[in-house]
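The structure under discussion appears below in the form of structure tokens.
The values are calculated or read from the model by the stated rules, or taken from the named source; none is laboratory data. As the structure is a computational prediction, the values presented were derived from the model and not from experiment. Backbone-built Cβ (ideal geometry, glycine too); neighbour counts: all protein chains shown. Note: areas computed on protein heavy atoms with side chains; ligands, DNA, RNA excluded. Shrake-Rupley method; radii C 1.70, N 1.55, O 1.52, S 1.80 Å.
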Amino acid sequence: MASSRHSGSSPVREAERVSDDTTAPRAPTGTHDVLPPESWRWQRFVDDFARRADRFGFGMVHTPIFEDARVFRRGIGAESEVVGKEMYEFEDRGGRKLALRPEGTASIVRAFVQHRPATPWRAWYVTPSFRYERPQAGRYRQHHQVGVEALGVEDPDVDVEVIALAWGFLAGLGLRRLQLQLNSMGCTQCRPDYVDALRSLLTRREESLCDEHQERYASNPLRVLDCKRAACIAATEDAPKIADALCEDCRSHHVRVREGLAEAGIPVVENPRLVRGFDYYTRTTFEFSSSALEGAQNAVGGGGRYDGLVEMLGGPPTPGIGFGIGIERSLLALDAEGVPAEPPPPPAAFVVDLTGGIPARRLVAELRSAGLKVERAYEGRSMKSQMKAADRSGAPVALIIGSEEAATQSVTIRMLREDVPQRTVTTDALVQEATTTGVIR
Ligand code: HAM
């Protein structure tokens, strides 16, 4: 992305091209609009997540979708793919180097360092995330995540709780073909020796690595374990496992996490190659995948511990752990598993007004104030057209106002999906009944 002030004439040319072009602009490549009824699924998804997060003591946190680019560079790592190749960076008109958030964790930690809330601090969020990736099914340039971050507690029981929250949520959506992969990345005590050992092995096998990792393995050998190319997989098949190199503290932490997950009835697949794509991880790392999705894009969520991240962003030593769950991916997995999408609830009633619309205006206002979902027709359409609209809305009831009803301040209640004789009641009685019972019959 380029700012108009600092990148020469290209943005101007771009602007001219857009305004010259007679075709209608479309959403940028790799992004998508979410419209009803699909957006109802999103709403339910986020509401459900919010309720569960609240039950676990997480409070909602909003941070800006752009940050000082250093937040991500320092936090996620300048060498990582997400920062090195995929981050949307730009200078604003004041020359500040900013970046669109590629993920949620670093921003939450930046906010923690800035505001210093008392620990333990538990934050949940829902956020768009931006990564300049090659778009394909399940991989977008703007995707959305719900997630949590728990700061200030090193206790492995928190790891168990965080994983259990994600697992319970994903299973609660209806996903059955879920797998939880778990690993420990060690800590600053034990990881350096392991990384050295891995680097030596890779140096001996440099020629066998994929092109990219022949060049880059030395700066972060762990990334090679995460490489999906056959060359790197073969070259590291018998590589030492980090699980065998953990220090005593990391080992007992990991054992306790596994015990807690077993106690919670959450099946675990240990994956010593699970290193994930961000530099901030320490100890527990995990990923939730769905076997209903295509291999490369089958992760519906992932997370881990990051006991050094707060310090990296200028705060006091503070442990942390969290996860992010991809909304689009989870919904794709639900589709792939054939879990039906619940339709949005229909209105409780549809008001049909044959007298010009003023009584309808009043009636919908009163019923909505009473807490009911109500729709109406506009523009003085014919009875036939308004009844069609009532039918299309899915409402079980039409509230019909003709000239007689208007003169007597009453309404005719006609059941649209039941064979019941219609009846006429006063508007006051209708509103009163709707207020107390929450329905119209
Ligand atoms: P992540 O694994 O990069 O972790 O992303 C979390 C989830 O977001 C993925 O499992 C996937 O479902 C979804 N996702 C990621 N990239 C895309 C994309 N390009 N298109 C569609 N969906 C995508 C994180 O972002 C970490 N912040 C998680 C975390 C929280 N770790 C600790 N706390």
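Between E418 and K388, the FRET efficiency estimated from the beta carbon spacing at R0 = 25 angstrom works out to 0.85.
Using DSSP, restrict attention to beta bridges with both residues in segment 283-441 and report what percent are antiparallel, rounded to the nearest 5. The partial results should precede the final answer.
Working: 18 of 25 bridges.
The antiparallel proportion sits near 70 percent.
Once the 1.4 Å probe is applied to the protein heavy atoms, segment 44-157 comes out at 47 Å² accessible per residue. Judged by a Cβ-Cβ distance under 4.7 Å, the unpaired cysteines of the chain are C187, C210, C250. Based on the convex hull around the alpha carbon atoms, segment 117-174 presents an average projected area of 5.6 nm². Working from label points 7 Å from Cα in the Cα-to-Cβ sense, the V195 to A230 distance is 3.1 nm.
Only one residue of W124, A171, A111 has its Cα farthest out toward the positive end of the dipole of segment 88-171, where Lys and Arg carry +1 and Asp and Glu -1 on Cβ, and that residue is A111.
Applying 1/(1 + (r/R0)^6) with R0 = 51 Å to the Cβ-Cβ distance of S369 and E86, what FRET efficiency is obtained, to the nearest 0.05? Efficiency at R0 = 51 Å is approximately 0.60. With no solvent and one equal point scatterer placed on each C-alpha of segment 319-441, evaluate the Debye formula and give log10 I(q)/I(0) for q = 0.10, 0.13, 0.16, 0.18 Å⁻¹, two decimals. For segment 319-441, the Cα-only Debye profile gives -0.41, -0.57, -0.74, -0.87. Reducing segment 335-393 and segment 155-205 to their Cα centroids gives an inter-centroid distance of 50 Å. Ordering Y217, V61, T426 by Cα displacement along the dipole of the chain toward the positive end leaves T426 in first place; charges were set at the Cβ atoms of Lys, Arg (+1) and Asp, Glu (-1). Charge dipole of segment 90-179 (Cα centre as origin; +1 on each Lys and Arg Cβ, -1 on each Asp and Glu Cβ, all else neutral): 620 debye, rounded to the nearest 20. Taken per residue, the accessible surface of segment 327-441 reaches 55 Å², heavy atoms only and a 1.4 Å probe.
Want the number for V255 to H32: 0.36 nm per residue separation, take away the alpha-carbon distance, what's left? Mind dumping the intermediate values first?
Numbers: separation 223, 0.36 × 223 = 80.28 nm, distance 4.22 nm.
The span from V255 to H32 would gain 76.1 nm if fully extended.
If the Kirkwood radius is taken over C-alpha pairs of segment 286-372, then at 10 °C and 1.306 mPa s the Stokes-Einstein diffusion coefficient equals 88 µm²/s. This model, with +1 at the C-beta of Lys and Arg and -1 at the C-beta of Asp and Glu, gives segment 159-260 a dipole about its Cα centre of some 360 debye.
For segment 29-142, state the average projected area of the convex hull of the C-alpha atoms over all orientations, rounded to one decimal in nm².
Mean projected area for segment 29-142: 8.9 nm², to one decimal.
Legend: Rg and Dmax of segment 386-441, from Cα coordinates, 11.3, 29 Å. Distance between the C-alpha centers of segment 411-437 and segment 233-285? Whole Å please. After rounding, the separation between the Cα centres reads 62 Å.
Tell me whether segment 166-305 comes out rounded, prolate or oblate; compute the Cα gyration tensor, take square roots of the eigenvalues as a ≥ b ≥ c, and use a/c under 1.5 as the rounded threshold.
Values: a/c = 2.53, a/b = 1.38, b/c = 1.83.
The shape class here is oblate.
Overall, the accessible surface of the chain at a probe of 1.4 angstrom is composed of carbon and sulfur to the extent of 50 percent.
Under a 10 Å cutoff between Cα atoms, tell me which one of A262, A360, A341 has the largest fluctuation in the Gaussian network model of the chain. Result for the chain, Cα springs under 10 Å: A360 fluctuates most.
For Y132 and D47, the FRET efficiency from 1/(1 + (r/R0)^6), where r spans their Cβ atoms and R0 equals 41 Å, is about 0.85. In the chain, helices alone account for a calculated mean residue ellipticity at 222 nm of -11500 deg cm²/dmol, with every DSSP H run of four or more residues adding -39,500 (n - 2.57).
Label point of V268 set 7 angstrom out along Cα-Cβ; within segment 125-159, amide nitrogens under 16 Å from it belong to 155-159. Extension gain for D244-V339 works out to 30.2 nm (0.36 nm per residue, less the C-alpha to C-alpha distance). If only the Cβ of Lys and Arg carry +1 and only the Cβ of Asp and Glu carry -1, the dipole of segment 297-441 around its Cα centre is close to 420 debye. In the Gaussian network model of the chain, springs joining C-alpha atoms below 10 Å, which of R392, R177, R251 carries the largest mean-square fluctuation? Maximum fluctuation in the GNM of the chain, among the listed residues, is at R392. If you model segment 222-320 as an ellipsoid using its alpha carbon gyration tensor, with each semi-axis the square root of five times an eigenvalue, the axes come out at 23, 18, 16 Å, biggest first. If you wrap the chain in the convex hull of its Cα atoms and look at it from every side, the mean projected area works out to 28.4 nm².
Over segment 108-226, the Kirkwood radius and the radius of gyration, each from Cα atoms, give a ratio Rg/Rh of 1.03.
On full extension of the chain, what length is gained from R70 through Q114, given 0.36 nm per residue of separation minus the C-alpha to C-alpha distance? Intermediate values should be presented prior to the final figure.
Working: separation 44, 0.36 × 44 = 15.84 nm, distance 1.42 nm.
The R70-Q114 span can extend by a further 14.4 nm.
Bridgeable lysines around K228 (alpha carbons under 30 Å apart, same-chain partners fewer than 8 residues away excluded): K85, K241.
Connecting C-alpha atoms closer than 10 Å in a GNM of the chain, tell me which of R176, R329, R204 has the biggest fluctuation. Between R176, R329, R204, it is R204 that shows the largest mean-square fluctuation.
Helix screen, the chain: DSSP H segments with Cα axial length of 24 Å or more and mean Kyte-Doolittle hydropathy at least 0.5 are 156-173.
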